[in-house]
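FYI, it's all coordinate maths here, none of it is from the lab. Here the structure is a predicted model, which means the values were calculated and not measured. For neighbour counting, all protein chains shown are included, and Cβ atoms are generated from backbone atoms with ideal geometry for every residue, glycine included.
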Amino acid sequence: MGNTPVTLGISTDHAAYKAGSTLSGTVYVSIQKAQTGGGMSQQTLNLELIGEEHAVIHHRTTEEHRTGSGSNDRVRRDQDHFENSTFSFFQVQVPLAYVETGQVARYEFPFSLTLPKTLPSSMKAQHQGQSYCEIRYRLKATLGTSSGLFSSPPHAEKLLSIMASPSPSSNGTQDPGLTSPREYVPVMGCCCCCSQGTMMLEASSNRSILAPAQTCQVDFCAKNLSKQKVKNVEVSLVQVLEWNVNGRNEKIRRTLDRRQMDAKTMPELAKARRHKRQEYFGAPEQQGLAGGSDQRHSVQLQAPVEALDSYAGRAVQVRHQILVTLKTKGCCSTNPQACLRCTIASGSELLAPKPSTSTSQDDPLAAPSAPPSYLDETTGSYSAPTTASVFVDEGADTPQAHATALPKDWEAQTASVVEIPMAQAILLGPAASVPSAPVEEKTFS
């Protein structure tokens, strides 16, 4: 574990955990040289679990510099800039023990804690260039306090991967589903000042919350009351990942699943010979389109396994939408669209779907129009954070990675397991102070 005076290490029983489960591990302390500075031979060993949003936005500016007195004696240089933001949404800090550092020794301090059930899932996404955002969890052990302005106390860190857990109240609960109001959308042709009439569109989903790899049924009905031709109907599940740092913004829009239907198979979408003026929110009774006589269509959408959980944080937001779009012919014509704001959450498969009202059995939308690998619209990558243990030696300016395996001759004094009372040590906000859960005072010498 290194040749420096004091070295710390952390190990856990698993690399990934589910919110609400029990996390067990051990903090290792190796004192290879007695510490007597300042007359203090006892140091407090603190353990900290941090959940945080971390966002980085890379941008570039061009600067022009003169190299001489001539008008052409100029040179342009590109300057890279990185905007960073870190926000802790969860934090717990507890003292594990008081360690005697006045003699050479080795110690092991087992610990156990139950993770809160409300923690969001770990994630990491990278955009074009060097911009990225992540939701990460760090387990950090620190011995003592800093001995100087430019020095840090011995500490060790380990990254954890956590998957969100469903709410206990969702077990057996029926999902209310989603419904968009019926709208009559004015349609413009290639000439933006020329109205072509209106199109009616209405959509609903039997699920408002989806789990990864779960399907939902989307029902819709539409009618063309304009002279504009409809090419096809597109039903898609869209994910929008966005992060903001110091007024700058990065966004990754990704189509998770998509179905298309040729408008020729839907007679109600044939263009009208004549059109009448319609209000934007027209009444079906006035237009002769009673709800029972409308032709409804159904399609199945599936959230892929790699879909991110919906999340609304300070710097990072993940949104999901079900979109039903009438694709019209023409480069500048209106494409009426119905939007259903849904949620993707790990473990939400416990929710029962809303009973379907559709009577359609066979639908051309049953198969996707393109393989899932073709559905990405914005270059970006998603990944779960890798787990790693970092050991930091006293006096080091930057973290140094060491082997996670203990030395073959490792023999240490082992303390009893410390049960960390999570209820007394939860921090949900940057303004609150870091709470410390009281533990029985233990001194090892």
| field | Compactness of segment 7-131, expressed as Rg and Dmax over alpha-carbon positions, Å | value | 24.3, 71
| At a Förster distance of 51 Å, what's the computed FRET efficiency of Leu159 paired with Ala272, Cβ-Cβ distance as r, to 0.05? | 0.25
| field | Local electrostatic count at Thr86 - Lys and Arg +1, Asp and Glu -1, tallied over other residues with Cβ under 12 Å | value | -1
| request: Would you mind putting 77-85, 64-72, 256-264 in packing order, based on average other-beta-carbon counts within 10 Å, highest first? | output: 256-264, 77-85, 64-72
| query | Of the cross-linked pairs Lys251/Lys329; Lys18/Lys140; Lys271/Lys329; Lys223/Lys264; Lys18/Lys124, which ones have a Cα-Cα span greater than 23 Å in the structure shown? | reply | Lys251/Lys329
| How do 242-254, 207-219 rank on mean C-beta neighbours within 10 Å, highest first? | 207-219, 242-254
